[in-house]
Amino acid sequence: MAITRQKKGEIVAKVESLARQAKTIVFANFKGLNVASQNEMRKSLRAQNIGYTVAKKTLLRRGLEAGGFKGQMPEFNGEIAVAYGNDELAPAREVAVFVKKFPKQLALVGGVFGGAYVGKDEIISIASIPGMQALRTQFVQLINSPIQRFAVVLNAKAEKGE
């Protein structure tokens, strides 16, 4: 079914809006992903305050031009979905979780990070950066490690009777 000119204008306006407001945008190819899987992904993304939308590639390109991003837009092949949010890492990380879950139906294509287009490899490496809570946990473990080792040595000395 054809989309009316008015509906196309609304889609382009929505993409322009998210291009201006979102800190990170992730493009994913979702060929063959069934409705139940898409609904599961949408629900999970919504819980993380990440938007998810699907648009025609031509309308998507028009809307993204308004963002004035640096670099070259990734090549869009197949059906393209867009995940976006105000957290710089969350959209890429959360979509990557579903890419691992549905490797044959979903693939990262690229995205926008820091005001510039990034390719597939860059968005995959951005997705691998742990979240703030995980980084804080790693930092606390790093700081606590020498103290634990010192306590183990003191305990061993005390048991020997030295």
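The values are calculated or read from the model by the stated rules, or taken from the named source; none is laboratory data. The structure displayed is predicted, hence computed values, not measured ones. Here Cβ is always computed from backbone atoms with ideal geometry, including for glycine, and neighbour counts include all displayed protein chains.
Within segment 72-91, is even one residue on the phi < 0 side of the Ramachandran plot, out of contact with any helix residue (DSSP H, G or I) (no Cβ under 6 Å at 6 or more places or on another chain), aromatic (Phe, Trp, Tyr) and surrounded by 17 or more Cβ atoms within 10 Å (Cβ to Cβ)? Checking segment 72-91: not a single residue is on the phi < 0 side of the Ramachandran plot, out of contact with any helix residue (DSSP H, G or I) (no Cβ under 6 Å at 6 or more places or on another chain), aromatic (Phe, Trp, Tyr) and surrounded by 17 or more Cβ atoms within 10 Å (Cβ to Cβ).
Per the conditions (1) buried (at least 16 other Cβ atoms within 10 Å of the Cβ); (2) more than 22 Å from Val15 (Cβ to Cβ), the sole criterion not satisfied by Leu135 is (1).
Could you check, for segment 108-131, whether at least one of its residues is farther than 22 Å from Asn49 by Cα and not assigned by TED's automatic domain parsing to the domain that holds Glu10? No: zero hits.
Where in segment 1-73 are the helices (runs of 4 or more DSSP H), entirely inside, with at least 3 residues that are touching a Cys at 6+ places or on another chain (Cβ under 8 Å)? Fully inside segment 1-73 and qualifying: nothing. In a residue-by-residue description of segment 140-162, the property of being in contact (Cβ under 8 Å) with a residue 24 or more places away in the chain and in a helix (DSSP H, G or I) applies to no position. Within segment 1-18, if we keep just the residues that are at pLDDT 85 or above and hydrophobic (A, V, I, L, M, F, W, C), the residue that is surrounded by the fewest Cβ atoms within 10 Å (Cβ to Cβ) turns out to be Ala13.
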